[in-house]
Each structure stands twice: as C-alpha cells, then as structure tokens.
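A short write-up of the structure that comes next.
The values are calculated or read from the model by the stated rules, or taken from the named source; none is laboratory data. This structure is a prediction, so every number in the text was calculated from the model and none was measured. FYI the Cβ positions are ideal-geometry reconstructions off the backbone, even for glycines, and counts take in every protein chain you see. To get the accessible areas, we keep the full protein, side chains included, count just its heavy atoms, and leave off ligands, DNA and RNA. Shrake-Rupley method; radii C 1.70, N 1.55, O 1.52, S 1.80 Å.
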Amino acid sequence: MNLDWLTSAVDYGVIGLLVVLNVVVVAIAFERAWYYRRLDLASIGDRGELELQLTSRLFVIGSVASNAPYLGLLGTVFGIMLTFQQMGQNAAIDTSHIMTGLALALKATAAGLIVALIAVTLYNALLRRVKVLTLRWEMVHG
C-alpha cells in the first residue's frame, strides 16, 4: 500500500496550518499595534471599557503561542508513524531512507516551535503596551 499521499497530507496539513496560524498572529499583532498608536486615551472614560478595547483579540495570539508546539509535535508523531509503517512494509528498506523520513518528520516540530516563539514574543510585547497604555490612562484620569 502506497502512503505517499498521506505523507504529503500530513506535511502540507500540519505545516500549512502552522503557516496560516502564524499569518493570523502577525496580522493581529500589526492591527493591535496600529490601534494602540491611534488610541485617544482622553476619550475613554471607563477603565473596564479601556481594558476591553486594549485586550481585544490578544487571546488568539496567546492560544496560538501555547498550542503551536503541540500541533508541530502531532505532525512529527504522524510522520514517524508513517516512516515506521513504511519500514514494516519493506524489510529491505535502506537506512538513508529511514533517516530521511525521520528528519522530515521533525520539521513539523521545528515549525511549531518557530510559530510559538513568534507568537509569545508578539503577545508579550503587546501585553507590555497594554500595561503602559493603562498606566497612562490612569495618569490622565487620576
């Protein structure tokens, strides 16, 4: 049984999902940074309203940051399982073929870690900006 299509589906599926999540995280971070620059603190009278406006969509970045490594790990597990399945089907399989399959499976974990690092960095930077803006609001409104 040829499982090349499944290997491609796992590779493109997991890596593709991670790329999409990374694009979403970066887009939200740019939107939030742009919003923070244009925000008029004097026009917001309620602290609760301020916090709601400042933290909008930050949970998406935090969720991607915490779950991207697990998505990458899932892709790696699937890749290793497929490599072992191919080894079981072909007893005369070459060692280089096994190592190539395992190395390619690990790329999903690397991609998940890269996405998580980007998301954590952006989340922390935006959270710091939220704290600074909240303190400035408190200074303006006493």
For the chain: accessible area per residue (Å², 1.4 Å): 61 Å²
Two-site label geometry, ALA9 and ILE80: point separation in nm, points 7 Å out along Cα→Cβ: 2.2 nm
Rounded accessible area of LEU71 (nearest 10 Å², 1.4 Å probe): 50 Å²
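Out of the total accessible area of the range 3-141 (probe 1.4 Å, heavy atoms of protein only), what percent is carbon and sulfur?
Working: 5770 of 8350 Å².
Result for the range 3-141: 69 percent of the exposed heavy-atom area is carbon or sulfur.
Note down, for the range 3-141, the three equivalent ellipsoid semi-axes (square root of 5 times each alpha carbon gyration tensor eigenvalue), biggest first, whole angstrom. Kindly include the intermediate steps, with their values, before the conclusion.
Details: eigenvalues 422, 23, 18 Å².
Ellipsoid semi-axes (Å, largest first): 46, 11, 9.
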Accessible area, probe 1.4 Å, largest first, for residues ILE93, ILE44, ILE114: ILE114, ILE93, ILE44
The chain: DSSP helices with Cα axial extent of at least 20 Å and average Kyte-Doolittle hydropathy no lower than 0.5: 4-38, 58-89, 95-141
